[in-house]
Amino acid sequence: MSTPGLYEAREAADPQARERELFARLPGQVAHAKAASPYYADLLKPVDPGSIVDRAALATLPVTRKSRLAELQRASLPFGGLAAIPPGRLARIFMSPGPIYDPEGRGADYWRTSRALHAAGFRAGDVALNCYSYHLSPAGSMFETGLHRLGCAVIPGGTGNTEQQAHAVADLRPAGYVGTPSFVKILLEKCDELGLDSSSIRRASVSGEALMPVVRDFLRARGIEGYQSYGTADLGLIAYETPAREGLVVDEDMIVEIVRPGTGDPVEAGEVGEVVVTTFSRDYPLLRLATGDLSAIMGGASPCGRTNARIRGWMGRADQSAKVRGLFVHPHQVAEVLRRHGLARGRLVIENEQGEDRMVFKVVGAVDARAMEASLRDVMKVRGEVVSVDAAALPNDGMVIEDLRKYG
């Protein structure tokens, strides 16, 4: 870590040398997945791992869709045959909405978040407040292990308990916040309301939802620099923001492709498409996992000195799923809520007001709104408002989730 401003020297490596190194490693990873994972043993039966030596060859491998993981896991618990080691050899097993079971191996900083945290300004000796969930969701562990790798002390705040956490901020004086962008605004406003000093917080690493301009401006007005990172519960860190503020730099230990949604075909550089990721994890060797997220590769190099590819950040969903307050909501969940109440048509509308997500479920037909709102919380784990509308108010276009939030 001797290169100034960088986590490690290879972040400034020659791009062509990095590409050669990644694809020199890839045949061994494909061979490992094929030998150790029942799912890949079947999926890659006709594939010679030794032939997967460049992006063109990688693009010939089948895509596995994240949206299918719950189905695959139900057919073969706990990991759908994708894991390469027995469950008892893991450090933790998490449960994401779906449900999808997510394995965490025993390696230090297993999810590789220390790189993003370092770029956000966290350093050894810092005290950090971690407001990601520690209950079943992997996010709390993802960032705690990264903070520990950097040498930081962690306050395991988790989600909610806003007043209690506000007192912890005032008493323990954390240098930084780690969590969703919507909650940091809520937390700091709670400190203001209670007359508690939150001035120790000078940096924030946020993920789980888009960092809206209103929240970024709110943080800057308080002297706090906020940095986004992008990842998933299956893959860990994928890309992260740097002080250059120009896109998100791809992590050193994965291969990212942008493909045409619904296919595995790479798009032209700069074109918006679906993010597909190949990892080098030995425990969970995911090859060409289609995340369902939209982004695009940016041209040129980052002014921060990091030379890896950059993506434009999260630009929405390739399907109609959306992330609300850090949790995904899916079309099949909309259908389940409608089914429970004997309704045929509805549309979930998502907006963002002053940095906080708002979810309104518009349904056609008479309904007990309070009962249906309880069903929303039960099925989606997110609060929302239910309103009845005329049939003409919902276009006949097949859309069941409409995301009206602005991301730039």
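The values are calculated or read from the model by the stated rules, or taken from the named source; none is laboratory data. Just so it is clear, the model here is predicted, and its values are computed rather than measured. Here the Cβ positions follow ideal geometry from the backbone for every residue, glycine too, while neighbour counts run over all protein chains shown.
Numbers at a glance
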| quantity | calculated |
| --- | --- |
| Selection from the range 79-110 of residues that are surrounded by 17 or more Cβ atoms within 10 Å (Cβ to Cβ), out of contact with any Leu (no Cβ under 7 Å at 6 or more places or on another chain), more than 29 Å from residue 266 (Cα to Cα) and not hydrophobic (A, V, I, L, M, F, W, C) | 109 |
| Hey, residue 237 at pLDDT below 95 and closer than 29 Å to residue 95 by Cα or not | no |
| Selection from the range 90-105 of residues that are at pLDDT 95 or above and either of a type in the set (Asp, Glu) or in a loop (DSSP other than H, G, I, E, B) (or both) | 90, 91, 102, 104, 105 |
| Set 282, 317, 312, 306: member being in contact with a helix residue (DSSP H, G or I) (Cβ under 7 Å, 6 or more places away or on another chain) and buried (at least 18 other Cβ atoms within 10 Å of the Cβ) | 306 |
| Number of positions in the range 332-355 that are surrounded by fewer than 16 Cβ atoms within 10 Å (Cβ to Cβ) and under 26 Å from residue 189 (Cα atoms) | 3 |
| Strands (runs of 3 or more DSSP E) contained in the range 107-207 and holding at least 2 residues among the aliphatic types (A, V, I, L, M) and modelled with pLDDT of 95 or more | 127-130, 153-156, 203-206 |
| Near pairs, Cβ below 6 angstrom, 6+ apart or cross-chain, from the range 65-87 (of a type in the set (S, T, N, Q)) to any residue that is in a loop (DSSP other than H, G, I, E, B) | 73/80 |
| Subset of the range 47-72 [under 18 Å from residue 291 (Cα atoms) and in contact with a Leu (Cβ under 9 Å, 6 or more places away or on another chain)] | 58, 61, 62, 63, 64, 65, 66, 69, 72 |
| Any chance residue 358 is touching a strand residue (DSSP E or B) at 6+ places or on another chain (Cβ under 9 Å), surrounded by fewer than 18 Cβ atoms within 10 Å (Cβ to Cβ), free of Cβ contacts under 8 Å to residues at least 40 places away in the same chain and closer than 22 Å to residue 209 by Cβ | yes |
| Odd one out for residue 248, checked against (1) at pLDDT below 95; (2) under 26 Å from residue 225 (Cα atoms); (3) touching an Asp or Glu at 6+ places or on another chain (Cβ under 7 Å); (4) not acidic (Asp, Glu) | (1) |
| Total residues in the range 221-251, condition outside any strand (DSSP E or B) and over 13 Å from residue 304 (Cβ atoms) | 8 |
| Enumeration of residues in the range 252-305 that are of a type in the set (A, V, I, L, M), over 17 Å from residue 57 (Cα atoms) and not in a strand (DSSP E or B) | 269, 272, 296, 301 |
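Here is a yes/no grid of residues against (1) among the polar types (S, T, N, Q); (2) within 30 Å of residue 250 (Cβ to Cβ); (3) at pLDDT 95 or above; (4) not in a helix (DSSP H, G or I):
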| residue | (1), (2), (3), (4) |
| --- | --- |
| 307 | yes, yes, yes, yes |
| 313 | no, yes, no, yes |
| 335 | no, no, no, no |
| 342 | no, no, no, yes |
| 351 | no, no, no, yes |
| 357 | no, yes, no, yes |
| 377 | no, no, no, no |
| 396 | yes, no, no, yes |
| 408 | no, yes, no, yes |
